[in-house]
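The values are calculated or read from the model by the stated rules, or taken from the named source; none is laboratory data. This is a predicted model, so every value here is computed, not measured. Heads up, the Cβs are rebuilt from the backbone with ideal geometry, glycines too, and the neighbour counts pull from every protein chain shown. SASA here: full protein model, heavy atoms, side chains in, ligands and nucleic acids out. Shrake-Rupley method; radii C 1.70, N 1.55, O 1.52, S 1.80 Å.
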Amino acid sequence: MIRFPLLSAAAGLLALAAPCLAQTVPPDAGAPPVVEREIRAQVTARTTTVLASGMAGRIVELAVQDGETFRKGEVLVRFDCAVQESQLARANAVLEKARRLLEVNEKLRQLGSISAKEISVGHAEVAEAGAEVGMMKAMVSRCTVAAPFSGRVAGVSVRQYQFIGEGQPLLDILDDKELELEAIVPSRWLAWLKVGTRFQVVVDENGRSYEGEVSRLSGRVDPVSQSIKLYARIRNPDDRLLAGMSGRAIITPPAGSQP
């Protein structure tokens, strides 16, 4: 009979190692393994908008630059409005004249010197002058652009002393205190992914870890990619987190679910 010394030696080593391998098996080896899913997530601002010009004119004051913060109600852009302010003053003068004339006519009416028709015409003239004042006030209000909320400037599209047209973009602003996470996940995750599901995300730009909590899911599944967008609030935000950052979100499905 032909013997194979090498095979015999290998069999002996396996026999010796078998007890050691058995001891390394954890007691709960029969339980299903924990499966983690990793997706890309992006930090976005919940409130963001582009401020545009409400009038054509020349910018005389640009109070903020890219990256600067501002408070709600603060004037961010101011236009040259000498003409509009003069027109408003004229409209106020016309309104005051119409009111005074109406007061005199009403006294004369009591004396029977003028007809009721002239009084009606006087009331109409006051109303017309008042409407003109309201229109001019609206025009003057467009001379300044105030912040609709507190936040940070994310982009500047104009320069001071520049003449621009009506509707031209001025500033891109966002609320940097109300940040959230956006991610696109497979739609099959809807079997276990719910509002309130928590996960960890590691941001690439600062290397920090944050805890996310699903706040809402998109109302539509993309039929082509079979995916859906989720939105999550950040439970432990800090000043080092900026809109536009992204990172790795690690989500652990519940035990027994199909990830």
Filter result (without any contact (Cβ under 8 Å) to a residue 60 or more places away in the chain and basic (Lys, Arg)) within region 46-93: ARG90
Candidates ALA255, ALA243 - the one that is over 16 Å from GLN42 (Cα atoms) and small (Gly, Ala, Ser): ALA255
Matching entry among ARG208, ARG233 (being open to solvent by 70 Å² or more (accessible area, probe 1.4 Å), touching a Lys or Arg at 6+ places or on another chain (Cβ under 7 Å), without any contact (Cβ under 8 Å) to a residue 60 or more places away in the chain and farther than 30 Å from CYS81 by Cβ): ARG208
Residue match in region 155-163 (condition: outside any strand (DSSP E or B), out of contact with any Gly (no Cβ under 6 Å at 6 or more places or on another chain), among the β-branched types (Val, Ile, Thr) and under 23 Å from THR48 (Cα atoms)): yes
Region 151-182 - residue that is aliphatic (A, V, I, L, M) and open to solvent by 10 Å² or more (accessible area, probe 1.4 Å) and, of those, nearest to SER215 (Cα to Cα): LEU179
In region 74-93, the residues that are of a type in the set (A, V, I, L, M, F, W, C) and open to solvent by less than 80 Å² (accessible area, probe 1.4 Å): VAL75, LEU76, VAL77, PHE79, CYS81, ALA82, LEU88, ALA89, ALA91, ALA93
Scan of region 210-259 for residues that are touching a helix residue (DSSP H, G or I) at 6+ places or on another chain (Cβ under 7 Å) and either of a type in the set (Ser, Thr, Tyr) or assigned to a loop (DSSP other than H, G, I, E, B) (or both), ordered by number: VAL221, GLN226, SER227, SER257, GLN258
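Each row is one residue, and each column tells you yes or no for (1) touching a residue at least 12 places away in the same chain (Cβ under 8 Å); (2) crowded, with 16+ Cβ neighbours inside 10 Å; (3) touching a Phe, Trp or Tyr at 6+ places or on another chain (Cβ under 8 Å).
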site: LEU95; (1), (2), (3): yes, yes, no
site: ALA98; (1), (2), (3): yes, yes, no
site: VAL104; (1), (2), (3): no, no, no
site: LYS117; (1), (2), (3): no, no, no
site: ALA127; (1), (2), (3): no, no, no
site: MET139; (1), (2), (3): yes, yes, no
site: CYS143; (1), (2), (3): yes, yes, yes
site: ALA146; (1), (2), (3): yes, no, no
site: PHE149; (1), (2), (3): yes, yes, no
Which listed residue, of GLN84, GLN42, is among the polar types (S, T, N, Q) and modelled with pLDDT of 95 or more: GLN42
